[in-house]
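Following: one structure in structure tokens, then a few remarks.
Where a number appears in this text, it was derived from the coordinates with a stated rule and is not lab data. What you see is a predicted model; the values in this text were computed from it and never measured. Positions of Cβ are backbone-derived with ideal geometry, glycine not excepted, and every protein chain shown enters the neighbour counts.
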């Protein structure tokens with residue numbers, strides 16, 4: 001019992017560290033943002049560990065990345081976005097699809113996560129552009145579309161990476 005809990009803590013910790021390392025070192029600059037594997041790894045965490053533990057891993061991994069890389073003022077937004085994505089995946093994968101991990105469902109989950117992230121970033125930047133920059137709503141929305149270029153790239157990476165990496169991580173983290 002104790003060994004299983006320790007093993008689980010180690011797996012979750014290493015996975016959170018993998019998210020940090022992947023965003024830090026495996027990224028492509030794209031305007032003011034960058035394309036990375038972090039969101040895909042968050043999706044895979046939910047698929048493997050469940051939505052609660054996946055949300056924990058996402059919060060720790062992406063949150064620590066932000067804190068360690070000069071985004072501390074925005075870390076709460078990153079965590080909130082991650083929690084919303086994990087909740088959407090909980091509703092779709094665990095509730096609607098009954099955690100059935102056939103390939104078509106995994107592809108669907110990758111697409112849903114990507115679209116959710118695009119919508120969240122669009123809403124976030126629209127609010128910021130309206131509230132902080134005092135832009136009219138239409139101008140704020142247009143500026144938001146321009147701002148989220150990296151989000152589109154990361155979303156494409158998520159859609160491709162989730163069905164490719166999920167079976168690998170599932171085998172690696174298979175419980176004995």
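By the count of other C-beta atoms within 10 Å, a proxy for reagent exposure, 7, 27, 171 are ordered fewest to most as 171, 7, 27. In the range 1-83, inverting the average of 1/r over every pair of distinct C-alpha atoms gives 13.0 Å as the Kirkwood radius. Counting neighbouring Cβ atoms within 10 Å and putting the fewest first, the residues 42, 146 line up as 146, 42.
Against the chain, whose longest principal axis comes from its Cα atoms, helix 149-172 is set at around 0 degrees. Here the residues 66, 101, ranked from fewest to most Cβ neighbours within 10 Å of their Cβ, fall in the order 101, 66. Helix 38-49 and the longest principal axis of the Cα set of the chain meet at an angle near 30°. Counting only DSSP H runs of at least 4 residues, each contributing -39500 (n - 2.57), and dividing by the residue count of the chain, the helix-based mean residue ellipticity at 222 nm comes to -26000 deg cm²/dmol.
Against the longest principal axis of the chain, how steep is helix 75-89, in degrees 0 to 90 to the nearest 10, with axes from Cα atoms? The helix 75-89 is inclined about 60 degrees to the chain. All distinct Cα pairs of the chain go into the 1/r average, and the inverse of that average, the Kirkwood radius, is 16.7 Å.
May I ask for the Kirkwood hydrodynamic radius of the range 104-176, worked out over all distinct Cα pairs and given in angstroms to one decimal?
On the way: mean 1/r = 0.0724 Å⁻¹.
By the Kirkwood definition, the hydrodynamic radius is 13.8 Å.
Could you work out the relative contact order of the range 15-168? I mean the mean sequence separation of Cα pairs under 8 Å and 6+ apart, divided by the number of residues, in percent.
29 percent
Among 43, 88, 123, the largest mean-square fluctuation in a Gaussian network model of the chain, built with springs joining Cα atoms closer than 10 Å, belongs to 123.
Only Cα pairs under 8 Å and at least 6 apart count here; give the relative contact order of the range 58-114 as a rounded whole percent. It would help to have the intermediate numbers written out before the result.
On the way: 28 pairs, mean separation 16.2, N = 57.
Value for the range 58-114: 29 percent.
If you model the range 50-108 as an ellipsoid using its alpha carbon gyration tensor, with each semi-axis the square root of five times an eigenvalue, the axes come out at 27, 10, 9 Å, biggest first.
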